[in-house]
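Report on one structure; see the data block that follows.
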Amino acid sequence: MTNDDRYQQTADMLRAGATYTQITAELRTSPATISRIRRAHNIPVPPGRSGARPLTDDQRRTAAEQRYPQAAAMLRAGFTHRDIAEACGIGTATVSDIRYALNIPVPQGRPGPKGPRLPLREPNPEDTP
């Protein structure tokens, strides 16, 4: 079997809904190669399969609202990621993902993860050559 044949068979098996494990066992193709072929041919991951993500912003927004309604409400109310994570029992990265999916801006004046930024000191005229 040539590489072109294996490539085409991999794409055909992906379209038919075969798993990476099935393709690897039958064609001896690495998961990275299978993934590359899937992306090259725009073959979607079957629904309910691990790794499947919502395809559109609307789907991502709907999923975030349905799965984490309390976190979404708290984000809109201006709570911090840490407060939301503790109240909802989720991680701060998940809170960040929800904020991104719902396109909720970070409140003005909120300090960054390292605390508020200090103002730069005034330049000293004696320091210039």
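Throughout, read-outs are computed from the coordinates displayed, never taken from laboratory work. Predicted model only: the values in this text are computed from it and were never measured. Positions of Cβ are backbone-derived with ideal geometry, glycine not excepted, and every protein chain shown enters the neighbour counts.
What percent does the relative contact order of region 4-111 come to when contacts are Cα pairs within less than 8 Å and at least six residues apart? Could the numbers behind the result be given before it?
Values: 64 pairs, mean separation 19.3, N = 108.
Rounded, it is 18 percent for region 4-111.
At 7 Å along the Cα-to-beta-carbon direction for both R39 and S96, put a label point, then send me their distance in nm to one decimal.
2.1
Each residue of region 61-71 in turn: what ³J(HN,Hα) in whole Hz from Karplus with 6.51, -1.76, 1.60 and θ = phi - 60°, glycine and Pro shown as x?
5, 4, 5, 5, 5, 6, 7, 10, x, 5, 5
All other residues with a Cβ under 15 Å from the Cβ of C88 taken together, and with Lys, Arg as +1 and Asp, Glu as -1, what is their net charge? Mind dumping the intermediate values first?
On the way: positive: R67, R76, R82, R99; negative: E65, D83, E86, D97.
Neighbour charge sum, excluding C88 itself: 0.
Roughly how many Å is it from the Cα centre of region 1-22 to that of region 35-49, as a whole number?
Spelled out, the Cα-based centre of one part sits 11 Å from the other.
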